[in-house]
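*Asks:* Following this message is one structure expressed as structure tokens.
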Amino acid sequence: MRELVYCISVTIDGRIAGPGGEYEFFPLGDEEQAAAYSEWSQTHYPDILPTHVRAALGVGEAPNRHFDTVVMGRGAYQPALDAGITSPYGHLRQYVVSSTLEAGLDPAVTVVDGDPVALVRELKQQEGKDIWLCGGGRLAGALLGEIDRMVVRTYPVVAGAGIPVFDGEFDPTLFTVEDRRSFANGVTVTWFARR
């Protein structure tokens, strides 16, 4: 069965973005450090790069390694809309969970104005690669019971305020660390599996 994997960048204090959705403050390190981390990301997780970024980096035709479907909330989708991009992950099946977004913005994007748990359970029953939970925090909080694995990229910065990695009810949920890797730019990638 396919798994739901929350693959997310986070600050030391557990924020995936600032109060206004900003994420440009995540430090990449010096030019050499940033290049090494970027190369690793492109090689290991080309699926999570937006389609236009994949093309610019020359990995546009790279096969998806982990995911063929992305589920995201309105906040995670909004930066693409603000940039005039209605299909940010054209190399994946795209679902946006939102009660305020109008359907039909792009034929490649399915807007779901309903229960995200039912959506994910249906997607898990289908054939294919895993499902990437892109964000945001409220959607992750609603889907906590469905998250099978997490890939958490922790950046060495404190936001102080902003969008939490999980925003939901109090629900202690145990995960096991499967692997961890550190990079020279201070980013630590940790792979977790539901215990």
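Derivation of every value follows stated rules applied to the coordinates shown; laboratory data play no part. Since the model is a prediction, treat every value here as computed from it, not as a measurement. Glycine also receives a Cβ, built like all others from the backbone with ideal geometry; neighbour counts cover every protein chain displayed.
*Asks:* Could you tell me which of the residues ASP106, ASP148, ASP82, ASP113 is acidic (Asp, Glu) and either within 30 Å of ARG181 (Cα to Cα) or touching a Pro at 6+ places or on another chain (Cβ under 8 Å) (or both)? Give the derivation first.
*Replies:* On the way: ASP106 fails: either within 30 Å of ARG181 (Cα to Cα) or touching a Pro at 6+ places or on another chain (Cβ under 8 Å) (or both); ASP82 fails: either within 30 Å of ARG181 (Cα to Cα) or touching a Pro at 6+ places or on another chain (Cβ under 8 Å) (or both); ASP113 fails: either within 30 Å of ARG181 (Cα to Cα) or touching a Pro at 6+ places or on another chain (Cβ under 8 Å) (or both).
Step by step, each of ASP106, ASP148, ASP82, ASP113 is checked, and only ASP148 is acidic (Asp, Glu) and either within 30 Å of ARG181 (Cα to Cα) or touching a Pro at 6+ places or on another chain (Cβ under 8 Å) (or both).
*Asks:* When you scan the range 61-142 for helices (runs of 4 or more DSSP H) that lie fully inside it, which ones turn up with 2 or more residues that are more than 15 Å from the chain's Cα centre (by Cα) and under 25 Å from ARG153 (Cα atoms)? Spell out how you get there, then give the answer.
*Replies:* Numbers: elements: 74-82, 116-125, 137-142.
It comes to 74-82, 116-125.
*Asks:* Here is a follow-up. Report every pair of residues separated by at least 6 positions or lying on different chains whose Cβ atoms are under 9 Å apart, first residue within the range 35-59 and free of Cβ contacts under 8 Å to residues at least 12 places away in the same chain, second of a type in the set (Ser, Thr, Tyr).
*Replies:* Partner pairs satisfying both residue conditions: LEU49/SER41; LEU49/TYR89.
Every residue, every condition in (1) touching a Leu at 6+ places or on another chain (Cβ under 9 Å); (2) closer than 25 Å to TRP191 by Cβ, yes or no:
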{"site": "PRO63", "(1), (2)": "no, yes"}
{"site": "PRO107", "(1), (2)": "no, no"}
{"site": "ALA140", "(1), (2)": "yes, yes"}
{"site": "ARG153", "(1), (2)": "no, yes"}
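*Asks:* Output the residues belonging to the range 54-74 that are farther than 18 Å from GLN42 by Cα and in contact with a helix residue (DSSP H, G or I) (Cβ under 8 Å, 6 or more places away or on another chain).
*Replies:* Kept after step one, since they are farther than 18 Å from GLN42 by Cα, are these residues of the range 54-74: 71-74.
Scanning the range 54-74 gives VAL71, MET72, GLY73.
*Asks:* Hey, among the residues in the range 176-195 that are assigned to a strand (DSSP E or B) and in contact with a helix residue (DSSP H, G or I) (Cβ under 9 Å, 6 or more places away or on another chain), which one's farthest from ASP13 (Cα to Cα)?
*Replies:* Residues of the range 176-195 assigned to a strand (DSSP E or B): 176-182, 188-194.
Remaining after also requiring in contact with a helix residue (DSSP H, G or I) (Cβ under 9 Å, 6 or more places away or on another chain): 181, 189.
Details: ARG181: 19, VAL189: 15 Å.
Within the range 176-195, the match that is farthest from ASP13 (Cα to Cα) is ARG181.
*Asks:* Regarding PHE166, is this residue within 23 Å of PRO50 (Cα to Cα) and out of contact with any strand residue (DSSP E or B) (no Cβ under 8 Å at 6 or more places or on another chain)?
*Replies:* Working: within 23 Å of PRO50 (Cα to Cα): yes; out of contact with any strand residue (DSSP E or B) (no Cβ under 8 Å at 6 or more places or on another chain): yes.
Answer is yes for this residue.
*Asks:* Sticking with this one: Can you find a residue that is in a helix (DSSP H, G or I) and within 14 Å of the chain's Cα centre (by Cα) anywhere in the range 27-43?
*Replies:* Yes, the range 27-43 contains a residue that is in a helix (DSSP H, G or I) and within 14 Å of the chain's Cα centre (by Cα).
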